[in-house]
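These notes are about the structure you will find just below.
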Amino acid sequence: MDRKTRTFAEQHYRDLGGRVPGVGGPAPSSVTFIQAPAAFSYADFVKGFLLPNLPCVFSGSFTEDWGSRRRWVTSEGKPDFDYLLQKYGDVVVPVANCGVREYNSNPKEHMSFRDYVSYWKEYNRGGCSSPRGCLYLKDWHLCRDSLVDDLEDIFTLPVYFSSDWLNEFWDVLNVDDYRFVYMGPRGTWSPFHADIFRSYSWSVNICGRKKWLFFPPGHEEALRDCHGGLPYDVTSPELLDTRLYPRIQHDSLPLEVIQEAGEMVFVPSGWHHQVYNLDDTISINHNWVNGCNVANMWHFLQQELQAVQHEVAEWKDTMPDWHQHCQVIMKSCTGINFEEFYHFLKVIAEKRFLVLRQGVKEGTGNSTSLGLGLQQAAFDVGRLADVLASVVAHPDFQRVDTSTFSPQPKELLQQLEDAVAAAEAF
Ligand SMILES: O=C(O)CCC(=O)C(=O)O
Ligand SMILES: [Fe+2]
């Protein structure tokens, strides 16, 4: 990040004055296509897409040199099953059955990659049908699970997505990540959803094509059924029944994107979407959070806690540790609670303090030896300070036992505010 972009971004958040970023603006009428890497900088991405929270599609030129595009794909543009089997045949992978609805998702099972490929071939021989159902290999943590020593050979993280606090945090803990591979034949699909924690995602088709249906944040409200639930499949004829879906507006259609092989889709924060594989398709997808959407994540976590509290409200007066229980339930439903969110902010903050300290020592405003650089670190501490101030002021966070936290939340907030003040000079 350069100084000018940082100033622009900081002004953007000052203007928002604490409102949730990227929500409620006018819906775009189309999704921008970005053709040439040389003509599109990180600053262009921040200003044009991250800050306004708008989707875009990058051409295949951006991923031309990825090893997976060469090695995983045959000359006809199909998955190279022989190569993939030799490399990953014995790996156990998660597989969803798209033909079966389980709440607003699909039941998942595990099988060896070899078994999945034999299913895939059989499904294709059967004219895109199989008695075993419509199976979709999804959310495979390829980087985490298989001892991939040649990651650079599979993909190169595009600079646009390189400020990624979520994977940075999990890499420090060394237990998980949000880096996935998806593979499936024509007809496999992902039901209507917004991404975990309201993170961003990016998705590259290594081969094949996808159809995306996008709904800007807030537009999903019109899709709620008479019980307040969101649909599983937005293309279902059920949605035409106005008794079931009383708020539906038939003039607000989704934004549709066809993503070709090699192309890269950016999914903004809180945009609901539904995705179809139009051919035999392999994609690499990451979920990520950074300074531009960490406030969206915090807003989402507050909503999740409220929903839990609402569900168990009847025990509030009789259960002495009701608030603690709500945090436990939240952790199991959402995957993270207020304590863990604090830990997440702390880990990123401490890493940024190191960068800022090193930057001061080196006296270089634009050093590239500092990851995304000193200006990015300065921007990040500003966003961390804003969100942590809101966390610390939240009554439910004040009920969390923070006695063992180091540093104490208020101390960390002070350190962040000091870092923000010092970084103004950079
Ligand atoms: O490709 C898919 O099936 C789903 C991808 C997705 O939902 C995402 O990248 O956020
Ligand atoms: Fe998604």
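The values are calculated or read from the model by the stated rules, or taken from the named source; none is laboratory data. As the structure is a prediction and not an experimental result, all values here were calculated from the model. Don't worry about glycine lacking a Cβ; one is built from the backbone with ideal geometry, like all the others, and counts go over all protein chains shown.
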request  = Looking only at the range 119-144, count how many residues are touching a helix residue (DSSP H, G or I) at 6+ places or on another chain (Cβ under 6 Å) and within 16 Å of ligand 2 (Cβ to nearest atom).
outcome  = 1
ask   = If you check Y276 against the conditions, is it assigned to a strand (DSSP E or B) and at negative phi?
value = yes
request  = Could you name every one of the helices (runs of 4 or more DSSP H) located completely within the range 22-125 that has at least 1 residues being in contact with a strand residue (DSSP E or B) (Cβ under 7 Å, 6 or more places away or on another chain) and surrounded by 14 or more Cβ atoms within 10 Å (Cβ to Cβ)?
outcome  = 67-71, 113-125
task = Provide a single number: the residues in the range 163-172 that are touching a residue at least 12 places away in the same chain (Cβ under 8 Å) and either more than 16 Å from ligand 1 (Cβ to nearest atom) or not assigned by TED's automatic domain parsing to the domain that holds Y123 (or both).
result = 5
message = Looking only at the range 64-82, count every residue that is of a type in the set (S, T, Y) and touching a helix residue (DSSP H, G or I) at 6+ places or on another chain (Cβ under 6 Å) and tell me the total.
response = 1
message = Which of the numbered conditions does L253 fail, given that it passes all the others? Conditions: (1) assigned to a loop (DSSP other than H, G, I, E, B); (2) closer than 26 Å to E220 by Cα; (3) outside the structural domain of V46 (by TED's automatic domain parsing); (4) not basic (K, R).
response = (3)
ask   = Limited to the range 188-233, what total is found for residues that are more than 16 Å from H273 (Cβ to Cβ) and within 11 Å of ligand 2 (Cβ to nearest atom)?
value = 0
message = Can you pull out every residue in the range 373-426 that is closer than 19 Å to M1 by Cβ and among the acidic types (D, E)?
response = D380, D386, E424
task = Evaluate the following for A261: is it in a loop (DSSP other than H, G, I, E, B), buried (at least 16 other Cβ atoms within 10 Å of the Cβ) and away from ligand 2 (no atom under 16 Å from the Cβ)?
result = yes
ask   = Would the range 100-119 turn up any residue that is among the hydrophobic types (A, V, I, L, M, F, W, C) and under 30 Å from T5 (Cβ atoms)?
value = no
key: Tally, over the range 62-92, of residues that are touching a residue at least 60 places away in the same chain (Cβ under 8 Å), over 30 Å from Y232 (Cα atoms) and not aromatic (F, W, Y)   = 9
ask   = Is one or more of the residues making up the range 379-399 basic (K, R), part of a loop (DSSP other than H, G, I, E, B), at pLDDT 95 or above and not assigned by TED's automatic domain parsing to the domain that holds S162?
value = yes
key: Positions within the range 251-269 being within 25 Å of Y42 (Cβ to Cβ), more than 11 Å from ligand 1 (Cβ to nearest atom) and of a type in the set (V, I, T), in sequence order   = V257
note = Just one listed residue, out of V100, V57, V31, V95, is in contact (Cβ under 8 Å) with a residue 24 or more places away in the chain, in the same structural domain as K210 (by TED's automatic domain parsing), in contact with a His (Cβ under 8 Å, 6 or more places away or on another chain) and closer than 20 Å to S190 by Cβ, and it is V95
ask   = Among (1) within 12 Å of ligand 1 (Cβ to nearest atom); (2) at pLDDT below 95; (3) not hydrophobic (A, V, I, L, M, F, W, C), which single condition is R209 missing?
value = (2)
ask   = Within the range 11-65, how many residues turn out to be within 21 Å of the chain's Cα centre (by Cα) and of a type in the set (D, E)?
value = 1
key: Single residue of A313, A349 found to be hydrophobic (A, V, I, L, M, F, W, C) and surrounded by fewer than 15 Cβ atoms within 10 Å (Cβ to Cβ)   = A313
